[in-house]
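Just below is one structure, and these are the notes that go with it.
Please treat every number below as a calculation from the coordinates, not as lab data. Just so we're clear, the structure is a prediction, and the values are computed from it rather than from any experiment. Here the Cβ positions follow ideal geometry from the backbone for every residue, glycine too, while neighbour counts run over all protein chains shown.
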Amino acid sequence: MKPITFALAKGRLADRTADLLESCGVGCGDLRANSRRLIIDDEKNGCRFLLVKPADVPTYVEYGAADLGVAGKDTIMEANYPLYEMLDLGFGKCKLCVAGFPGVREKQVTSAVKRVATKYPNIARRYYRSLGETIEVIKLSGSVELGPLLNLSDEILDIVESGRTLKENGLVVLREVFEISARVVVNRVSLKTKGERINAIIEAMRAKVEGRS
Ligand code: PRP
């Protein structure tokens with residue numbers, strides 16, 4: 001029987017996801033072994049885990065390299081694939097926000113249109129378009145808060161968890177865009193071909209998340 005393959009995000013969500021899977025009897029203990037292995041098999045339960053960059057989880061699931069994956073809502077919205085989002089795990093909570101300098105200021109940057117630095121160019125374009133605003137997206141991979149500090153951008157669109165990074169860089173939240181938490185996404189074909197086993201795993205996770213088991 002083919003294994004059920006999970007794409008798991010390395011980093012912030014990894015430990016909580018491993019805890020949850022273990023509490024459901026899916027043994028991914030090796031996930032914590034701090035090794036460089038990228039594929040971990042749990043042969044007893046017929047499961048396989050791929051350890052991938054968070055932003056790549058939706059890609060592995062969309063193309064069927066993984067049957068299901070755990071990723072933040074931000075990552076899922078940015079990838080914008082037609083995946084089934086089957087469960088909100090309720091952890092990894094933070095908010096996607098527009099942030100910048102406090103108060104009314106002179107426009108930071110001398111470009112004709114507002115510049116927004118972000119790791120999320122697709123979400124940014126959709127969000128500002130919904131407001132009827134034209135922007136120029138400055139795509140960064142991290143340390144996005146530097147954008148306004150260096151006059152690279154007028155604003156940033158980024159995740160805020162504790163708010164510490166903004167505070168320590170003299171920035172504030174200007175608008176909250178949406179709330180984020182970890183979600184389980186499933187490949188559409190896998191749901192047909194391996195539906196029974198996938199649903200059993202998801203229902204076990206749901207019961208844990210809802211405190212029913
Ligand atoms: C994220 C995000 C903010 C920070 C928010 O960055 O891009 O910079 O966390 O968290 P806080 O509100 O608790 O301070 P991350 O730590 O992933 O690093 P990066 O800047 O290298 O992407």
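Which pairs break 31 Å Cα to Cα here: LYS10/LYS167; LYS10/LYS192; LYS53/LYS95; LYS73/LYS208; LYS139/LYS194? Present the calculation step by step, with values, prior to reporting the outcome.
Values: LYS10/LYS167 26 Å; LYS10/LYS192 28 Å; LYS53/LYS95 20 Å; LYS73/LYS208 20 Å; LYS139/LYS194 38 Å.
From the list (LYS10/LYS167; LYS10/LYS192; LYS53/LYS95; LYS73/LYS208; LYS139/LYS194), the Cα-Cα distance tops 31 Å for LYS139/LYS194.
Want the number for ASP88 to GLU210: 0.36 nm per residue separation, take away the alpha-carbon distance, what's left?
Between ASP88 and GLU210, full extension yields 42.9 nm more.
For region 74-193, report the % of Cα-Cα distances exceeding 23 Å. Kindly include the intermediate steps, with their values, before the conclusion.
On the way: 2461 of 7140 pairs.
Pairs farther apart than 23 Å: 34 percent.
Just to be sure I understand: of the beta bridges DSSP finds with both ends in the chain, what percent are antiparallel, rounded to 5?
Details: 25 of 42 bridges.
Percentage antiparallel, nearest 5: 60.
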Suppose R0 equals 41 Å; then what is the FRET efficiency for GLU133 and LYS44 from their Cβ-Cβ distance, rounded to the nearest 0.05? 0.15
Cubic angstrom per residue, convex hull over Cα atoms of the chain: 133 Å³
Relative contact order [Cα under 8 Å, 6+ residues apart], region 112-182, whole percent: 33 percent
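Which value results for Rg/Rh of region 141-213 when Rg is the Cα radius of gyration and Rh the Kirkwood radius based on the inverse mean 1/r?
On the way: Rg = 19.6 Å, Rh = 16.0 Å.
Using Cα coordinates only, the ratio equals 1.22.
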As a test, work out the antiparallel percent of DSSP beta bridges whose residues both lie in region 94-179, rounded to the nearest 5. 60 percent
